[in-house]
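Encoded as C-alpha cells, the structure appears first; notes follow it.
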Amino acid sequence: MAIGTPTTPWLPGSGRPTRLPASAGNKWARRGGGEARRAAAPLLPAAAAPPPDRLGAGSPAAPLSACRSPGTPRAAGPRRPGSPPSSGPQQFAAWPTAMATMVAQKLSHLRPTLRQAHREPQPSGQPEPVFTVDRAEVPPLFWKPYIYVGYRPLHQTWRFYFRTLFQQHNEAVNVWTHLLAALVLLLRLAIFAGTVDFWGDPHALPLFIIILASFTYLSLSALAHLLQAKSEFWHYSFFFLDYVGVAVYQFGSALAHFYYTIEPAWHARVQAIFLPTAAFLAWLSCTGSCYNKYSQKPGLLGRTCQEVPSALAYALDISPVVHRILVSPDRTADDPALLYHKCQVVFFLLAAAFFSAFMPERWFPGSCHLFGQGHQLFHVFLVLCTLAQLEAVALDYEARRPIYEPLHTRWPHNFSGLFLLTVGSSVLTAFLLSQLVRRKLDRKTQ
C-alpha cells in the first residue's frame, strides 16, 4: 500500500469499516508521520494495522500532508464523537486511561483498609465496666443471707452507681419498687391538689404530711439501695438516711390515723399521750435501726434493737384503725374506707413477715440473686400498704369531717411542731452515728 492511499480504519461501534478521504489524515500529520501512526493506533484494530513491509523496513513514514496535491484545499476530516480537540490529541487521548489507572490504584489500596475496619472493632477509650461481682469480692458488710452473686463493685464513680439503675443486680428490684411508688405518690399529690385546699383548710394539713412522709421514706429507701455500694462509709450513711425516712413515715401515719380515722371513744382515752409517744417511738425506732447497723450485732440482740422499737411504734400508730375495725359493723358499703384500712393491716403484716424471715431465699439458697428475695417482697407489700393507707385516709378526710372537726380544735400547731421535732432528732441521730462510723473506719485503715 503506497503512502497517501486512503485507508479503511475500523471505528468502534460503527458496525462496518469507514473509508476516510486521504485529506482527512492531514490534521494528524502536523506532528509527523510517526506521531500520526501512534495517535491513530488506538482507533485501529490489530488486523487493520498496515504491515511494516509495505512501508519499508526501518524507513520513516512520510507525512500525510505530502499526499495532498498542490492547491488542493485542506479538508476537515470527520472527528470521532467524544474525541479530544485537535490541539494536543495524544495528550487528551491518554488522559482517561491514566485517570482510570490512578483511581483503580487508590481503590485497591482502600479496599483492604475498609475490609479490616469492618472486621475489627474499633477499640474504645475505656473498657466496658463490670456491673456485678460475686459475694467473695465485696466486704462482709454488704453480704445478704443466701445471696451469692449480683453484688456491685466498690469504689466506683457516682455516675457508675446511677447507671446501675438500668442494670441487673441484686438491689435493682428494691430500687425500682420504691422509686415507682414515689412517682405514683407525686401523681396522687397532683390529683389531691386539684380537689383539696392544702393551704386554706387547716384540717388538710395531716393529709399533706402523710403524703410527704410517704414520699420521703420511699425516695430515701430507693436512694439507699441504689448508692449504698459506693463504699463502707456510704453504705452506713445511706441506710441511716433510710431509717430517718422510716421514722418520718411512722409519725406521719400516726398523725393521719389519730386525726381522721380515730373514733371519739378511743380519742378520749389517748388524746393526751398519743402524738408525743408516737414521736418518741419514731425517733427510738430510727435510733435502734441505726445502732444495729453501726454495731453489726449478730443474732437476736441486733434484731431486737431494730425490730422491737418498730413494733411498738406500729402498735401505737395502728391502734385507731384496729379500734375502729373492732367497733364498726361489718358493712363496707356504708364505709368504703374501712376496706382500705383492713387491706393496709394485712399488707403490713405480710411485709413484716418477709422482712424478718428471709423468705423464700432461705428455702432456695443461691436461686434468688435477682428476683424473689424476701426483702423485695417486703418492699412490694409495704408499697401496697402505703397506697391502701392513703386511699383510706383520703376517704376519711372527705367523709368523716363532722366527726374529726370537733375533736381537733387546738391541735394543728402542736402536731406540726412534733413532726418537725421527729424529723430533726432523727436526722441528728443519723449524722452523729455516721461520724462514729467514720472514726471506726479510720481506725481500721490505720
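Every read-out reported here was derived from the displayed coordinates using simple, explicitly stated rules and does not represent laboratory data. Computed from a predicted model, the values in this text were never measured in an experiment. FYI the Cβ positions are ideal-geometry reconstructions off the backbone, even for glycines, and counts take in every protein chain you see.
Of note:
- Cα gyration tensor shape of segment 167-228, rounded if a/c is under 1.5, else prolate or oblate by comparing a/b with b/c: prolate
- Ranked by the mean number of other Cβ atoms within 10 Å per residue, highest first, peptides 319-329, 368-378 order as 368-378, 319-329.
- Over all projection directions, the Cα-based convex hull of segment 135-445 averages an area of 17.0 nm².
- Loop-resident sites, segment 368-446, for trypsin sites (Lys or Arg not before Pro), counting at most 13 other Cβ within 10 Å (DSSP): 410
- Ranking of 426, 416, 219, 285 by count of other Cβ atoms within 10 Å, fewest first: 416, 219, 285, 426
- Within segment 191-238, chymotrypsin sites (Phe, Trp or Tyr not before Pro) in DSSP loop having at most 11 other beta-carbon neighbours inside 10 Å: 199
- On full extension, the segment bounded by residue 326 and residue 435 gains 34.6 nm, given 0.36 nm per residue less the C-alpha separation.
- Here the simple spin-label model places points 7 Å from the Cα toward Cβ, and for residue 371 and residue 193 these points are separated by 3.6 nm.
- Under 5 Å, built H, 5+ apart or other chain: amide partners of residue 133: 150, 151, 152
- Pairs of lysine residues in segment 135-445 that meet both criteria, 8 or more places apart or on different chains and Cα atoms under 28 Å apart, total 13.
- 3J(HN,Hα) along segment 247-256, derived from phi through the Karplus expression 6.51 cos²θ - 1.76 cosθ + 1.60 where θ = phi - 60°, amounts to 5, 4, 5, 4, 5, x, 5, 4, 5, 5 Hz, with x in place of Gly and Pro.
- 3J(HN,Hα) from dihedral phi, segment 271-279, Karplus parametrisation 6.51/-1.76/1.60, rounded to Hz, x for glycine, proline: 4, 7, 10, 5, 5, x, 5, 4, 5
- Residue-wise HN-Hα coupling along segment 222-235, computed from phi with Karplus coefficients 6.51, -1.76, 1.60 (Hz; x: Gly, Pro): 4, 5, 5, 5, 7, 10, 5, 7, 4, 6, 5, 4, 6, 4
- Segment 135-445 - percent relative contact order, Cα under 8 Å, separation 6 or more: 25 percent
- Sorting 430-437, 167-174, 153-160 by their mean Cβ neighbour count within 10 Å, with the most densely packed peptide first, gives 167-174, 430-437, 153-160.
- Spacing of the two label points (7 Å from each Cα toward its C-beta) at residue 339 and residue 401, in nm: 2.4 nm
- For segment 311-328 and segment 371-390, distance of Cα centres in Å: 20 Å
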